[in-house]
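Visitor: Questions regarding the structure given below will be posed in turn.
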Amino acid sequence: MIRHIMILTLLLTLTCTLCPGADLWDLAKANREALTISTLFTAQNVTQYLGNEQGTQDAIDWCRVTGVTHVFIESYRDKHTAPRGSLEAARDRFRKEGFEVSGCITPTQVGKLGTGWTAISCYTNAGTQRQLQEIFEYAASMFDEIMIDDFLFTDCRCDECKAARGERSWTDYRCDLMMQMSEQRILGPARKVNPNARIIIKYPQWYDNFHERGYDVVRQSRAFDRTWVGTETRDYDNPQWGGKVQYEAYYIMRWLGGVGGARCGGGWFDPYGTSPDTYVEQARQTVLADAKEMLLFCYGSLLGGTGPANVDKLRTEIPGLFALAKKVRGKPIWGVSAPKVPNSDGANEQYVYDFIGMLGLPLVPTDRIDPQAKAVFLPVHSLKDPDLRNKLNAMAAAGTPILMTDGLAGRLDGMDLTGANATVLEVRGDPRRLLQLGREQLNAIRGKMLAPLGVRFDAPNKVALYLIGDDVIVIENFNDEAVDVRLDMPAPLSAARTLVLPVGGKANLSCEDKTIRLEGLAPRTMVLMEY
Ligand SMILES: [Zn+2]
């Protein structure tokens, strides 16, 4: 009898755990066009979990209750090659269960190691090049689509590299070298083994250093079949992983989404150094930035540490994320143009764009400086544009509000901007200090910058504003306290609160004439309004 009761209890527990999950699986399949949720089994995960029936079944169940409908099954990482038998069996089994299945490679510890970052290789070396090719041929013999995790770069300065680079800068040498690896050792050989092979280059989240280590987003985005974006912002205050603000995920996803166009697939974030609150902020920013897919890195890591708590919270937000994806899909965004010219140096203003977004300026990330923009933010990165002076003169003549960092202003070598509608922002080489700006200081900056758009925004620091299409406004509070905000739009409107994350998040909306007020917008809460 006791035994029967125990079995009954167990059954009830199982049923109750699976109930909401079963709903998420159906919901995810119905919504995969709007937003696909994917995960990755690293080569080590494949060996550990997917080499046997129980482990495979557990993985399938976990994916289903998490709304994951696309799995990436990795064949190589850190000198570990997953066995062909396990890879093929897992591939076929997931397909049979209704999943989309792709491969993945993490090019770490390939051949000769470089002199910089641990596990990063010297690609000047012929042995490394041969091994890189073999790794891709192996994956292409099993998978039509292969993601490359974001270690396809080099910072080696060994004698072999020094000799090969000659008179070129390290940046130029590495961009050329990694482009050559992409074409000759990855794309060419993979397509030879499998004419249907499509290779995805996943860019890391450290966009201001790409070119220094050989990522060239213009040339590589054109060469590869698809692109992917690292949106791992984690927890700003985490001692090991911190220092990244939430808006970075949005900025980079939009920026690379523009560079990659239709080839840009999705964003990718992980649980390292996160809490449930900061973990789901990564998901919201990724989807808000119009990613078609979000990849939860990775199955093994999500089973331990903060992973299970993070995923529990994410599951509650997944229906809302599908709704969010549909509201933003393909719509133009408007606001302050925020160009980062590809391969531009950030000097001591690296990642300043992310902090500007935290100030409640609705940014339009882009890869080019457009003199026709209604308002523009320009940091030192802008010096990469050979036509910068002419563009500045055109904007000055048009009275375009320019928010310029002190770093850029100091490097314009006597260029006269008197008469221009320019505001110099005191970054002092430390973008993090912008998070200390007070509400009145921010209102003054926003007042100038948003005037041509007919918009005013009154909010404390760390409340972001997103203007999407002609019918959607999103406001997200990243503070640990509730805030009151006021937004004035160009024309009278009737706005309704149609999505709030987290589920049950509080914010009182009132709307009168041109003015929207959100009172008591709860900590770490996002509100989507339609008008
Ligand atoms: Zn080297």
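Visitor: Got a sec to turn the phi values of the stretch 338-344 into Karplus ³J(HN,Hα) couplings, 6.51 cos²θ - 1.76 cosθ + 1.60 with θ = phi - 60°, whole Hz, x for Gly and Pro?
Guide: For the stretch 338-344, the Karplus curve yields 10, x, 10, 5, x, 6, 7 Hz.
Visitor: Tell me, 286, 118 in order of fewest to most beta-carbon neighbours within 10 Å? Intermediate results must be reported in sequence, preceding the final value.
Guide: On the way: 286 28, 118 8.
In increasing order of surrounding Cβ atoms, one gets 118, 286.
Visitor: How would you rank 280, 259, going from fewest to most other Cβ atoms within 10 Å of each one's own Cβ?
Guide: Sorted ascending by nearby Cβ count, the order is 259, 280.
Visitor: So what's the gap between the Cα centers of the stretch 211-257 and the stretch 50-97, to the nearest angstrom?
Guide: The stretch 211-257 and the stretch 50-97 have Cα centres separated by 26 Å.
Visitor: So, one more: Over all Cα pairs of the chain, how is the pair count split among 10 Å bins, expressed in % and running from 0 up to the last occupied bin?
Guide: 4, 18, 27, 25, 16, 8, 2, 0, 0
Visitor: Within a Cβ distance under 14 Å of residue 141, other residues only, what is the Lys/Arg minus Asp/Glu net charge?
Guide: Working: positive: 84, 91, 191, 192; negative: 88, 134, 137, 144, 145.
Overall, the nearby charge balance is -1.
Visitor: Can you give the log10 of the normalised intensity I(q)/I(0) at q = 0.13, 0.18, 0.20, 0.28 Å⁻¹, computed with Debye over equal Cα scatterers of the stretch 75-125?
Guide: Results for the stretch 75-125 at q = 0.13, 0.18, 0.20, 0.28 Å⁻¹ read -0.44, -0.65, -0.72, -1.01.
Visitor: Considering the dipole of the stretch 291-385 built from charges on the beta carbon (Lys and Arg +1, Asp and Glu -1) around the Cα centre, which of 383, 296, 371 is farthest to its positive end?
Guide: Positive-end residue among those listed: 296.
Visitor: Give the order of 395, 358, 179 when sorted by the count of other beta carbons within 10 angstrom, beginning with the fewest.
Guide: On the way: 395 24, 358 21, 179 16.
Taking fewest neighbouring Cβ atoms as first place, the list is 179, 358, 395.
Visitor: Now, a different point. At 20 °C and a viscosity of 1.002 mPa s, what translational diffusion coefficient does Stokes-Einstein give for the stretch 262-375, taking Rh as the Kirkwood radius over Cα pairs? Give it in µm²/s as a whole number.
Guide: Working: Rh = 16.1 Å.
Using the Kirkwood radius from Cα pairs, D works out to 133 µm²/s.
Visitor: Still on this structure, please answer the following. By Kyte-Doolittle mean hydropathy of at least 0.0 and Cα axial length of at least 27 Å, which whole DSSP H helices of the chain are selected? Provide the component values of the computation, followed by the final result.
Guide: Details: long enough: 2-31 (43 Å, 0.95); 307-328 (28 Å, 0.05).
For the chain, where a helix must reach 27 Å along its axis and average at least 0.0, the hits are 2-31, 307-328.
Visitor: Hey, could you get me the Stokes-Einstein D for the stretch 381-452, Kirkwood radius over alpha-carbon pairs, 37 °C and 0.692 mPa s, rounded to whole µm² s⁻¹?
Guide: The Stokes-Einstein estimate is 247 µm²/s.
Visitor: Can you grab the distance from the C-alpha centre of the stretch 317-340 to the C-alpha centre of the stretch 464-531, Å, no decimals?
Guide: About 15 Å separates the Cα centre of the stretch 317-340 from the one of the stretch 464-531.
Visitor: Label-point separation (nm) for residue 312 and residue 119, each offset 7 Å from Cα along Cα-to-Cβ?
Guide: The answer from the label model is 2.9 nm.
Visitor: Given just the C-alpha atoms of the stretch 42-114, how large is their convex hull per residue in cubic angstrom?
Guide: In the stretch 42-114, the Cα hull volume divided by residue count equals 80 Å³.
Each reported figure results from applying straightforward, stated rules to the coordinates on display, with no laboratory input. This is a predicted model, so every value here is computed, not measured. In this analysis, Cβ positions are derived from the backbone assuming ideal geometry, glycine residues included, and neighbour counts consider all displayed protein chains.
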